[in-house]
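Worksheet for the structure shown next.
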Amino acid sequence: MHILLACALVVTLDGLSSPVPADWKEQPAGGMRVKSFTVPHAPGDTRDAEVIVFFFGPGQGGGVEDNVTRWQSMFEGPKGKLETFQVGGVKTTVFDVSGTYLYKPRPVDPSIAPERRPDHRMLGVVFETSHGPYFIRFVGPQKTVAAHKAAFDAWLKGFKK
């Protein structure tokens with residue numbers, strides 16, 4: 001008889017680790033993307049969501065205000081909401097925004113016209129470690145993000161040494 005043990009995929013950011021939810025599927029990452037995952041769509045939605053972890057290095061990528069401004073500009077709709085708390089001794093800011101997502105495969109490329117995706121939501125996170133901030137985006141259809149928000153929150157708040 002063979003016994004197979006499932007190993008949880010773990011994300012480590014500057015020495016702090018947290019296992020990802022079992023239904024997230026890892027995607028190839030590279031460049032500024034440290035990790036990338038698809039999150040399965042909720043019933044009624046046709047598009048999966050994605051969680052992307054970025055790292056640019058100290059002094060790059062901007063601060064909280066710069067990123068909140070950038071993330072808000074990726075949506076048409078009401079202004080998003082900010083929440084700040086500590087995770088494993090790290091200042092963590094979450095920006096929650098909903099509306100029509102102005103999707104671009106390369107968000108800062110001005111030569112690309114955005115694809116309008118109504119009823120979307122993004123949780124943008126600035127995770128301020130001692131080696132520089134990590135930026136996390138959880139974005140997808142509104143129902144899908146809502147269906148997976150508790151698991152995302154548990155993953156985010158679960159980072160520890």
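Please treat every number below as a calculation from the coordinates, not as lab data. Since this is a predicted model, take the numbers as computed values, not measurements. Please note: Cβ atoms are built from the backbone with ideal geometry, for glycine as well, and neighbour counts cover all protein chains shown.
Here are some notes:
- Length added when fully stretched, Ile112-Lys157, from 0.36 nm per residue minus Cα-Cα: 12.7 nm
- Among Pro110, Pro43, Pro19, the largest mean-square fluctuation in a Gaussian network model of the chain, built with springs joining Cα atoms closer than 10 Å, belongs to Pro110.
- The chain shape via C-alpha gyration tensor axes, a/c threshold 1.5: oblate
- Among Ser111, Ser130, Ser98, the largest mean-square fluctuation in a Gaussian network model of the chain, built with springs joining Cα atoms closer than 10 Å, belongs to Ser111.
- Pairs from the list Lys25/Lys143; Lys104/Lys160; Lys104/Lys161; Lys35/Lys79 with a Cα-Cα gap above 29 Å: Lys104/Lys160; Lys104/Lys161.
- Model label points for Arg47 and Thr12, set 7 angstrom from Cα along the Cα-to-Cβ axis, are 3.5 nm apart.
- Ordering of 114-123, 135-144 by packing [mean C-beta count within 10 Å, highest first]: 135-144, 114-123
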